[in-house]
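Take a look at the structure set out below.
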Amino acid sequence: MKSLDGFLKQIGVVHSGYSKVEGLVPENWRDLHYALSVFYPLSKPILRDMGRGDGPTKTYFAQYRALNALINQTCLQIGMFLEEQGFEAVPVPASQTVSDGLDIRGIFSHRMAATLSGSGWIGKSGMFIHNNLGPGIRMGTVLTNKVLEVGEPIREGRCGNCRLCVVHCPAMAIEGVEWHAGLERNRLYDAKSCSDYMKEAYMHIGRGSVCGICMSVCPYNRIHEKGKGESI
């Protein structure tokens with residue numbers, strides 16, 4: 001029988017992490033105690049273009065959509081693989097909200113699963129920052145009842161005194177608070193203000209669904225772009 005790690009390699013998943021999410025999933029999926037996170041890096045030249053300008057580009061939006069489609073397809077394949085082995089699995093959509101317009105949230109937090117896997121932390125802007133890839137990524141999650149060998153959770157942010165995302169946020173939605181596990185999202189940033197600004201300012205680019213300025217100015221992009229691991 002092919003191993004899960006072997007299957008991930010076969011379908012081209014290079015960056016992944018496993019976590020235990022017992023008690024953190026929706027009630028209807030309460031028996032799915034484990035999560036598999038997958039990560040795909042964005043193009044560094046595209047991120048640089050965003051950093052040089054005033055925000056997202058049409059090329060960024062195109063890659064954003066393409067990676068979301070790839071992640072959804074990949075997570076579907078992983079879910080089917082697990083079910084063929086006799087387990088249950090739910091691929092969580094890469095970018096989907098189930099809100100009433102006030103509390104903008106997904107059905108399950110990709111970022112929470114990723115921090116619990118030890119793959120990275122949540123920045124002051126609320127974005128996930130991967131240990132090796134930085135913040136310039138898209139991610140997906142598969143929930144399952146297969147017992148996985150999980151990583152060591154990361155429970156504190158590593159942004160330090162940096163406030164670049166706070167200063168550059170055009171919606172002024174970021175509070176500048178260092179993340180720690182259990183911190184309410186609204187202590188980090190105002191998701192509705194962020195969403196409202198995107199819809200007003202970037203409807204001509206991504207139908208108001210993307211911004212990415214906080215991601216493009218993050219020093220961890222420059223650190224991992226250079227590949228030298230220098231400090232901020």
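The values are calculated or read from the model by the stated rules, or taken from the named source; none is laboratory data. Predicted, not measured: the structure shown is a model, and the values here were computed from it. Backbone-built Cβ (ideal geometry, glycine too); neighbour counts: all protein chains shown.
Points to keep in mind about this one:
- So SER95, is it modelled with pLDDT under 90, over 13 Å from the mean Cα position of the chain (by Cα) and closer than 30 Å to LYS20 by Cα: no
- From the list GLY157, GLY208, GLY182, the one residue that fits, being on the phi > 0 side of the Ramachandran plot, crowded, with 16+ Cβ neighbours inside 10 Å and of a type outside the set (S, T, N, Q), is GLY208.
- Among the residues of the stretch 21-46, those that are of a type in the set (D, E, K, R) and either modelled with pLDDT under 95 or under 16 Å from ARG111 (Cβ atoms) (or both) comprise GLU27, ARG30, LYS44.
- Extreme residue, surrounded by the fewest Cβ atoms within 10 Å (Cβ to Cβ), among residues of the stretch 137-147 that are more than 16 Å from PHE108 (Cβ to Cβ) and over 9 Å from the mean Cα position of the chain (by Cα): VAL147
- If you filter the stretch 3-52 down to residues that are within 23 Å of ASN131 (Cα to Cα) and hydroxyl-bearing (Ser, Thr, Tyr), you find that the one that is surrounded by the most Cβ atoms within 10 Å (Cβ to Cβ) is SER37.
- Annotation: LYS124 fulfils all but one of (1) charged (D, E, K, R); (2) surrounded by 22 or more Cβ atoms within 10 Å (Cβ to Cβ); (3) at pLDDT below 95; the unmet one is (3).
- Near pairs, Cβ below 9 angstrom, 6+ apart or cross-chain, from the stretch 144-160 (under 29 Å from LEU76 (Cβ atoms)) to any residue that is acidic (Asp, Glu) and in a loop (DSSP other than H, G, I, E, B): THR144/GLU88; ASN145/ASP31; ASN145/GLU88; LYS146/GLU88
- As a summary of the residue check, HIS130 satisfies the conditions (1) modelled with pLDDT of 95 or more; (2) over 20 Å from LEU188 (Cα atoms) except for the one numbered (2).
- Listed by position, the helices (runs of 4 or more DSSP H) inside the stretch 187-232 whose residues that are at pLDDT below 90 and under 18 Å from ILE174 (Cα atoms) number at least 2 are 191-201.
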